[in-house]
Structures are given as structure tokens and as C-alpha cells.
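Visitor: Right, I'll just put the structure down here and ask away after.
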Amino acid sequence: MLQSSEDHRRLPKGVEDKPQRSEDTNAAKQRGPPQTPQGSRGQTAAQRGHQCCKAARTTCLGSRVGWGMHIVDPVRVALPDVSLSVHQQGEGFPVVLCHGFPELACSWRHQITALAEAGYRVIAPDMRGYGASDCPAGVEAYGMKQLAGDMVALLDALDLEKAVFAGHDWGGFVAWAMPVLHPERTAGVIGVNTPYMPFPSTAFLQATFQNPEDMYILWFQEPGTAEAFMDQHTALIFDKLMRDSERKSDHTPADISAGGQFNPFLNIVELPEMGAPLLSTAELAYYTAAFQRSGFASAINWYRNIDANCANYPTLGFAPLELPCLMVTAERDRALPPVMAQSMPERVSDLEMHMIKGCGHWTQQEKPEELNRLMLDFLQRCFPS
């Protein structure tokens, strides 16, 4: 959690079709389909195959834990600094899915299946500090240099030159950082809820929230405090927070800029149940078990780097982007409201924007069909399988 195409295709119910593009139409047509990234031996990923994915096909995580969909078991991929637990599925142009907080690669389970069946090689890691991936000690291990560097190292380990990076919530900040920090490895970007914008510094947040306990990002800054509390309420956090957006709470402001009380983690015990659960019993058990093993500390350490990220990478969120980009906002997301994305066309020249109506923060799980249609429409036009 963190803070238009020219054709007349049919969009899923609930999706607002208001594409915004600042790229010249003729230039878009002239760009043509990209080349599938090749490995060091001059073969495409589809021609070579990938041993990790083949090995993973022997068992199906989705069936084993009762998700009702085909999601292969993850494999561990060794990188220079850490090892990541990575789901791989499908063949074709690579698409890397970066999850947010507090989530896992399986937050993309509906997209993994849909994109793979459409002819894409889907790569969905548990990000550094999450799930079955390594959780290195120290706050400094979770800066943007390390997070974006993991994505480059992952491409290297899989012998891929480029990929489209899709990111939700914190994963969105990583995805948008890729074309700035590593443009040679980034073919395109898909932002889900998270727009291309600068990091929100603690000073910026303190101007709105004088009491750090009122704002979860500020509450997270003191090492040991938040995780000590949250580790005691793991199941409750996922049970109460991962719900649809049908009901709004009087305890939560309309959006993050309104101030007030914006710390559902600290108030998780008293927080009323709002909306229908997005997780089945099996899915809730999977999330709970994963975070009971890892704890929340390493995931929270991402937030403890926001000021360092602002200082070390001042161009993130400001530098112009010229590669194909898709921005999908969610009408009811109070942490990342659609208004945050309004200025993106000023900085992103080849941009499509769509808003999914009636959707809250957990877009991949609340409105999977609508999101899948938008992602596949973009991918099939810009990076045909």
C-alpha cells in the first residue's frame, strides 16, 4: 500500500475509456512491433525455453493451495546480492510483475494466468524482503538502487535483455524507476494505481499529519515499532484490509491528502470489517503463513528509504519518459487516488491512461477481468506476442 488508444475496442464493464496520449499517432504506427529480447546465444526466450519455468511446471501451486487456477510453483533465482522466489509462466515477450505492500507475487495470480495464456512470458517475483525471497538485514538494503538492481539482475539471470515492467503500489515505484535508472533494460511500463511521480518525503507527509501515528508511513519510520505490533496481528491485517471497496469507513479520510487518521495497521483490531473479502480461506492462509515466516520488518524497510530515495534519485518522477506506458488508476483507491496521475502526460510522451470504476486499492484482485483486458490490449498492440 502506498501512496488512449485510437481504436474503438470494447472495454470491460466498469472501465472508463478516457485514453490520454501525447505521442503523435503516425509515430506510434511507425514504431512497429518490438523485437523479442534475445539472450547471449542469439536465440529468443521462446526458442531457448527456460529451465526454471520447465522445472516449475512439474507442480502447480494454484491447485495445491486451492486457488482454482493454474499457477506454477516458484523457483529460487540466485542474484548477486539475494535470491528471489520467482513464478514463471508462459512463453513470449517477457513481462515482469512487481507487487506492493503488504503483498506477494501471488497478488498477480489472476494476471499471471491471463498473460501467459495470451502468449507472454510472465515473471512474478516475491520482491526483496517478502515471502520466500531473501530478507537481508539493515534498512539500507531496501533502497531503490537495490530494488531496481534486483530487476536488472533478474533479467541477467534469465538471460533476457529487456522486459515490460508492471507494478502496483510500491512495486509501481520500482517499475517507474526502471526506465530512468535502467532504460536499456526497460521496454515499457504498466502502472497499476501507482502513477509516475516523485517519492512522498516524510517532510511532505508531516505537513499534513502532525502525529506520526496518524499516518502509517510516518509510523513506519521508527525501526522496531510497527513490525512489533503488526507481527502480532498478521491474519487480522489481511482479513480486514484485503477487501473490496463497496463500503467506505467513517474512520478513513476520502484520500491521503485529507489528513485525519490514515493508519489502518495501528488500528487493525478496532477497524470494522468493510466490504467483502477479496481472499478465499486458502488465499488468506497463504498470505498469513508467508508473513508469519518473514515478519513485516523487511517489507517496512522499503518505507524507511523514502527520504534516501528522494535524495539519491531526485529525477525519479520528473525525468521525461518516451517509451510505451500504460497507467491504470482505480476510482476508489484512497491511498493512490486517480488525481495523483493527472499530470503524467506532461512527463510521459507515449502514455495511455484508464480508470477502473468502482475499484479500490487491490486492483489485481478486486477487478481482475477489467485489469487483464487493459493490460493485454496495451501489450498486444505495443509488444505483440
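Visitor: Does Met151 meet the test of being open to solvent by less than 20 Å² (accessible area, probe 1.4 Å) and either charged (D, E, K, R) or more than 17 Å from Pro314 (Cα to Cα) (or both)?
Guide: Values: open to solvent by less than 20 Å² (accessible area, probe 1.4 Å): yes; either charged (D, E, K, R) or more than 17 Å from Pro314 (Cα to Cα) (or both): yes.
Yes: the conditions hold for Met151.
Visitor: So Glu140 fits all but one of (1) over 25 Å from Arg109 (Cβ atoms); (2) open to solvent by less than 10 Å² (accessible area, probe 1.4 Å); what number is the exception?
Guide: (2)
Visitor: As an exercise: evaluate Ala276 against (1) out of contact with any strand residue (DSSP E or B) (no Cβ under 7 Å at 6 or more places or on another chain); (2) at pLDDT 95 or above; (3) of a type in the set (Gly, Ala, Ser) and give the number of the one condition it does not meet.
Guide: (1)
Visitor: Just give me the residues in the range 277-321 being over 15 Å from Tyr142 (Cβ atoms), in contact with a Lys or Arg (Cβ under 9 Å, 6 or more places away or on another chain) and open to solvent by less than 50 Å² (accessible area, probe 1.4 Å), in sequence order.
Guide: Selection gives Leu278, Leu279, Glu283, Gly317, Ala319, Leu321.
Visitor: If you don't mind, there's one more thing I want to ask. Output the residues belonging to the range 117-136 that are within 15 Å of Val75 (Cβ to Cβ) and of a type in the set (A, V, I, L, M, F, W, C). Show your work before the answer.
Guide: Just the residues of the range 117-136 that are within 15 Å of Val75 (Cβ to Cβ), to begin with: 121-126, 131-134.
Answer for the range 117-136, where residues must be within 15 Å of Val75 (Cβ to Cβ) and of a type in the set (A, V, I, L, M, F, W, C): Val122, Ile123, Ala124, Ala132.
Visitor: Could you list all residues from the range 330-364 that are of a type in the set (Val, Ile, Thr), in contact with a helix residue (DSSP H, G or I) (Cβ under 9 Å, 6 or more places away or on another chain) and open to solvent by less than 10 Å² (accessible area, probe 1.4 Å)?
Guide: Taking the range 330-364 first, the residues of a type in the set (Val, Ile, Thr) are 339, 348, 356, 363.
Okay, now just the ones that are also in contact with a helix residue (DSSP H, G or I) (Cβ under 9 Å, 6 or more places away or on another chain), so 339, 356, 363.
Of everything in the range 330-364, those that are of a type in the set (Val, Ile, Thr), in contact with a helix residue (DSSP H, G or I) (Cβ under 9 Å, 6 or more places away or on another chain) and open to solvent by less than 10 Å² (accessible area, probe 1.4 Å) turn out to be Ile356, Thr363.
Visitor: State all residues of the range 316-354 that are in contact with a Cys (Cβ under 8 Å, 6 or more places away or on another chain) and of a type in the set (S, T, N, Q); if no residue qualifies, say none.
Guide: Selection gives nothing.
Visitor: Taking interchain pairs and intrachain pairs at least six residues apart, which have beta carbon atoms under 7 angstrom, with the first residue in the range 87-109 and under 10 Å from His168 (Cβ atoms) and outside any loop (DSSP other than H, G, I, E, B) and the second modelled with pLDDT of 95 or more and open to solvent by 10 Å² or more (accessible area, probe 1.4 Å)?
Guide: Ser107/Gln365
Visitor: Give the residue, chosen from Ser201, Ser245, that is in contact with a His (Cβ under 9 Å, 6 or more places away or on another chain) and surrounded by fewer than 23 Cβ atoms within 10 Å (Cβ to Cβ). So that I can check it myself, show each step before the final result.
Guide: Numbers: Ser201 fails: in contact with a His (Cβ under 9 Å, 6 or more places away or on another chain).
Sole residue among the options that is in contact with a His (Cβ under 9 Å, 6 or more places away or on another chain) and surrounded by fewer than 23 Cβ atoms within 10 Å (Cβ to Cβ): Ser245.
Visitor: Further, regarding this structure: For residues that are among the acidic types (Asp, Glu) and more than 13 Å from the chain's Cα centre (by Cα), scanning just the range 91-118, find the one that is nearest to Thr186 (Cα to Cα). Show your work before the answer.
Guide: Our first condition is that a residue be among the acidic types (Asp, Glu); within the range 91-118, this holds for 91, 103, 117.
Still in the list and also more than 13 Å from the chain's Cα centre (by Cα): 91, 117.
Numbers: Glu91: 18, Glu117: 23 Å.
Per the criteria, the residue is Glu91.
Visitor: Kindly establish whether Arg121 is closer than 24 Å to Arg243 by Cα and among the basic types (Lys, Arg). Walk me through it before giving the result.
Guide: Values: closer than 24 Å to Arg243 by Cα: no; among the basic types (Lys, Arg): yes.
Here the answer is no, as Arg121 does not meet what is asked.
The values are calculated or read from the model by the stated rules, or taken from the named source; none is laboratory data. Small disclaimer: the values here were computed from a predicted structure and weren't measured. Glycine also receives a Cβ, built like all others from the backbone with ideal geometry; neighbour counts cover every protein chain displayed. The accessibility values were calculated without ligands, DNA or RNA, using every heavy atom of the protein model including side chains. Shrake-Rupley method; radii C 1.70, N 1.55, O 1.52, S 1.80 Å.
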